[in-house]
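**Q** Structure provided below as C-alpha cells; questions to follow.
Since every read-out is calculated from the coordinates, none of them should be taken as a lab result. Since this is a predicted model, take the numbers as computed values, not measurements. Every residue, glycine among them, receives a Cβ derived from its backbone with ideal geometry; neighbour counts consider all protein chains shown.
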Amino acid sequence: MLGKRHGLASTTTAIMTNDDLTAREEVQAWSKHDPNRVGFAYPLHDVGLSMAPVAVRLAWAREALDAGHDVNKLHHRMGRPLQTAIDEPHNRDDRTGVRLSRCENIDVVKWLLDHGADPRLRNSFGQSAMDDAWVMSRLRREKDKRTEDDVTVADFLDQAREMMIQVARKLEGE
C-alpha cells in the first residue's frame, strides 16, 4: 500500500493541493513521480526539483536516504541535492494547474542539512549551494523590474543561505 510504504498515512491531509482530489488520490497521483520507484540515479536531487507536495517529497527523501543514497552526491550538471533544492523549477503543477511556491523547499533544505548535507561542497562549476543562493538572491533583488515574486524568492534564498551558513560554521568547528 502506497501510504504505508512512504509513511504518509498521517500526512495525507497535509498534502492535498486540489479540492477535487481526496488525500489518497493525491498520494496515488504523485506516486508515478516518486524518484525511488522509477529508479532515478539521483532521487535526492529530484526531491528538490519535484512539484509534489513537500510532505510527499520529504517521504521520498527519507526513502532515498534509507536506500543508501548520499545527501552530498554530485551530479555533473545539477550539482548537489542542496543546489537542486534552491534551484528554480517550474512553479506550476501541470496536473492540477495550481501555482506552487518553491519557497516550501525551505523544508527540503532543512531536511537535507539535518541529514548531513554539506553546504560547503562545490559543484562541477566550482560553486557551493551557499554561493548559488547568494547569487540568485542578488539577481532577484537587483532586477530593474522586480516583482513581488522576486522578493519572495529572494527572501527564501536568503533564509536557505543563512541555514547553510550555520551548518557550515558547525562543520568547520569540528
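**Q** Name the long-range amide H neighbours of HIS75: under 5 Å, sequence gap of 5 or more, or other chain; modelled H, no Pro or chain starts.
**A** ARG80
**Q** What FRET efficiency, computed as 1/(1 + (r/R0)^6) with R0 = 22 Å and r the Cβ-Cβ distance, is obtained for HIS33 and VAL135, rounded to the nearest 0.05? Don't skip to the end; give the middle numbers.
**A** Details: r = 29 Å, r/R0 = 1.31.
Computed FRET efficiency for HIS33 and VAL135: 0.15.
**Q** Taking 0.36 nm per intervening residue step and subtracting the Cα-Cα distance, what contour gain separates GLU25 from ASP107 on full extension?
**A** Numbers: separation 82, 0.36 × 82 = 29.52 nm, distance 2.33 nm.
Result: 27.2 nm gained on full extension.
**Q** Could you calculate the FRET efficiency of ARG169 with GLU142 from 1/(1 + (r/R0)^6), where r is the beta carbon distance between them and R0 is 25 Å, rounded to 0.05? Please report the intermediate quantities before stating the final value.
**A** On the way: r = 27 Å, r/R0 = 1.08.
Efficiency, rounded to the nearest 0.05: 0.40.
**Q** Report the calculated FRET efficiency for GLN127 and THR152 (r = Cβ-Cβ distance, R0 = 22 Å), to the nearest 0.05.
**A** Plugging the Cβ-Cβ distance into 1/(1 + (r/R0)^6) gives 0.45.
**Q** What residues have an amide H closer than 5 Å to that of SER128, excluding those fewer than 5 places away on the same chain, when H is modeled at 1.01 Å from N in the peptide plane?
**A** So SER128 has HN proximity to ASN123.
**Q** Here is a follow-up. Taking 0.36 nm per intervening residue step and subtracting the Cα-Cα distance, what contour gain separates ARG62 from PHE40 on full extension? If you can, show how the numbers build up before the last one.
**A** On the way: separation 22, 0.36 × 22 = 7.92 nm, distance 1.49 nm.
My answer for the length gained is 6.4 nm.
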